[in-house]
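K.L.:
Sending over a structure as structure tokens; questions will come in a sec.
Derivation of every value follows stated rules applied to the coordinates shown; laboratory data play no part. The model shown is predicted, which means the values in this text are computed figures rather than measured ones. Every residue, glycine as well, gets a Cβ built from its backbone with ideal geometry; the counts of neighbours run over all protein chains shown.
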Amino acid sequence: MPLLENRTVLVMGVVNRWSLAHAIAAALAREGARLHLTYQGERQRETVEQVAAAFPQARTWPCDVASDEQVQALFARLASEGVELDGLVHSIAFAQREDLDRAFELTSREGFRVALDVSAYSFIAVAHAAAGLMPRGGSLLTLTYLGSERVVRNYNVMGVAKAALEASVRYLAADLGPRGIRVNAISAGPVKTASARGIRDFTSILDQVAQRAPLRRITDPAEVGDAAAFLASDLSRGITGEVLYVDNGYHILGV
Ligand code: IMJ
């Protein structure tokens with residue numbers, strides 16, 4: 001029997017076919033999940049509709065998580081259509097460009113606000129709203145990165161945002177556990193996605209990981225997808241508040 005038969009999962013953060021959210025959606029669909037995908041704005045609409053067409057019965061909805069109104073509207077529309085959720089995947093982050101290519105000490109108040117708002121607060125907002133559509137309990141998942149706990153060149157304010165996101169996973173897990181809702185994060189190794197576009201030295205970071213990670217390779221998005229399917233399924237029923245590393249072991253290394 002497929003892992004996610006008769007399960008409904010909302011996936012937020014598909015930008016194109018290379019997004020980690022896309023690899024996650026593909027793994028969830030393969031395991032039998034019914035999918036709802038959100039897109040950020042009109043610019044993303046067509047791409048996400050095309051992606052959704054490849055999954056049986058997937059539906060698409062607009063939602064920019066920087067807007068309380070749009071988050072409210074999304075969950076109100078899902079509720080009015082009688083949608084109940086078993087899972088939510090949050091694969092969304094944003095920091096202003098200038099905060100990713102100069103010294104961290106130059107981070108502005110507004111740059112800090114934007115990064116923390118879009119990359120960390122948004123998970124709290126959608127977790128709360130999604131929990132209202134999970135009468136049978138469920139599984140909430142977000143994506144993080146090692147830059148939350150180690151200094152990774154140029155990751156800067158995103159590292160601070162991911163630290164807040166990982167702490168939010170633990171507080172949400174404590175709040176929602178009594179309702180049968182689990183909350184976890186996957187810390188993925190570096191992958192060349194739209195989120196890595198224009199990041200200085202990204203190719204040399206990938207080379208270093210391939211040479212040094214215990215499994216001697218970079219993260220394949222499908223590895224993240226399979227771990228997400230596990231965390232969305234009952235196979236992980238005893239796991240909540242956890243950060244699961246899907247990085248071919250890179251995070252265990254010292255110098
Ligand atoms: C991003 C910046 C610096 C170093 C980085 C990354 N490394 C990795 C990433 C080493 C792996 C990708 N990553 C894990 C992210 O969370 C990326 C977030 C991001 C990327 C951009 C690029 C374009 C932009 N804003 C962004 N905001 C967040 O304008």
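K.L.:
Test of understanding: among THR47, THR38, which residue is touching a strand residue (DSSP E or B) at 6+ places or on another chain (Cβ under 6 Å) and of a type outside the set (A, V, I, L, M, F, W, C)? Before you say what the answer is, go through the steps one by one.
P.N.:
Details: THR47 fails: touching a strand residue (DSSP E or B) at 6+ places or on another chain (Cβ under 6 Å).
That would be THR38, the only listed residue that is touching a strand residue (DSSP E or B) at 6+ places or on another chain (Cβ under 6 Å) and of a type outside the set (A, V, I, L, M, F, W, C).
K.L.:
Could you list all residues from the stretch 161-172 that are buried (at least 21 other Cβ atoms within 10 Å of the Cβ) and hydrophobic (A, V, I, L, M, F, W, C)?
P.N.:
ALA161, LEU165, VAL169, LEU172
K.L.:
Identify the residue in the stretch 76-100 that is under 19 Å from LEU28 (Cβ atoms), hydrophobic (A, V, I, L, M, F, W, C) and within 16 Å of the ligand (Cβ to nearest atom) and, among all such residues, is surrounded by the fewest Cβ atoms within 10 Å (Cβ to Cβ).
P.N.:
Of all residues in the stretch 76-100, those under 19 Å from LEU28 (Cβ atoms) come to 78, 83-92.
If we keep only those that are hydrophobic (A, V, I, L, M, F, W, C) as well, we get 78, 83, 85, 88-89, 92.
Right, trim to within 16 Å of the ligand (Cβ to nearest atom) and you get 89, 92.
Details: VAL89: 28, ILE92: 23.
Across the stretch 76-100, the extreme among qualifying residues is ILE92.
K.L.:
Within the stretch 141-166, count every residue that is under 16 Å from ALA196 (Cα atoms), in a loop (DSSP other than H, G, I, E, B) and of a type in the set (A, V, I, L, M).
P.N.:
1
K.L.:
How do the pairs read when you match residues in the stretch 151-173 that are in contact (Cβ under 8 Å) with a residue 40 or more places away in the chain and of a type in the set (Ser, Thr, Tyr) with residues anywhere that are in a loop (DSSP other than H, G, I, E, B) and surrounded by fewer than 20 Cβ atoms within 10 Å (Cβ to Cβ), using Cβ under 9 Å and keeping only pairs 6 or more apart or on different chains?
P.N.:
Here the result reads TYR155/ILE199, each pair linking the stretch 151-173 to a residue that is in a loop (DSSP other than H, G, I, E, B) and surrounded by fewer than 20 Cβ atoms within 10 Å (Cβ to Cβ).
K.L.:
Shifting gears a bit: Taking interchain pairs and intrachain pairs at least six residues apart, which have beta carbon atoms under 6 angstrom, with the first residue in the stretch 52-75 and within 14 Å of LEU35 (Cβ to Cβ) and the second assigned to a helix (DSSP H, G or I)?
P.N.:
Pairs that qualify, where the first residue is within 14 Å of LEU35 (Cβ to Cβ) and the partner is assigned to a helix (DSSP H, G or I), are PHE55/ALA29; ALA58/ALA52; THR60/VAL48; THR60/GLU49; THR60/ALA52; TRP61/LEU74.
K.L.:
Would you confirm whether or not the stretch 167-188 contains a residue that is touching an Asp or Glu at 6+ places or on another chain (Cβ under 7 Å), within 11 Å of the ligand (Cβ to nearest atom) and either under 18 Å from THR144 (Cβ atoms) or not in a helix (DSSP H, G or I) (or both)? Step through it out loud before you land on a result.
P.N.:
First, the residues of the stretch 167-188 that are touching an Asp or Glu at 6+ places or on another chain (Cβ under 7 Å): 184-185, 187-188.
Among the residues that remain, those that are also within 11 Å of the ligand (Cβ to nearest atom) are: 187-188.
Now restrict to residues that are either under 18 Å from THR144 (Cβ atoms) or not in a helix (DSSP H, G or I) (or both): 187-188.
Yes, the stretch 167-188 contains a residue that is touching an Asp or Glu at 6+ places or on another chain (Cβ under 7 Å), within 11 Å of the ligand (Cβ to nearest atom) and either under 18 Å from THR144 (Cβ atoms) or not in a helix (DSSP H, G or I) (or both).
K.L.:
Of all the residues that make up the stretch 108-131, how many are over 20 Å from the mean Cα position of the chain (by Cα) and either within 13 Å of the ligand (Cβ to nearest atom) or closer than 25 Å to LEU172 by Cα (or both)? First the steps, then the outcome.
P.N.:
At the first step, the residues of the stretch 108-131 found to be over 20 Å from the mean Cα position of the chain (by Cα) are 108-111.
So of that shortlist, the ones also either within 13 Å of the ligand (Cβ to nearest atom) or closer than 25 Å to LEU172 by Cα (or both) come out as 111.
Number satisfying all stated conditions: 1.
K.L.:
Follow-up question, since we're still on this one. Identify the single condition in (1) surrounded by 21 or more Cβ atoms within 10 Å (Cβ to Cβ); (2) outside any loop (DSSP other than H, G, I, E, B) that ALA73 does not satisfy, given that it satisfies every other one.
P.N.:
ALA73 satisfies every listed condition except (1).
K.L.:
Right, next: So is TYR155 more than 10 Å from the ligand (Cβ to nearest atom), hydroxyl-bearing (Ser, Thr, Tyr) and either over 22 Å from VAL191 (Cβ atoms) or surrounded by fewer than 24 Cβ atoms within 10 Å (Cβ to Cβ) (or both) or not? Write out each step before concluding.
P.N.:
On the way: more than 10 Å from the ligand (Cβ to nearest atom): no; hydroxyl-bearing (Ser, Thr, Tyr): yes; either over 22 Å from VAL191 (Cβ atoms) or surrounded by fewer than 24 Cβ atoms within 10 Å (Cβ to Cβ) (or both): yes.
Criteria not met by TYR155.
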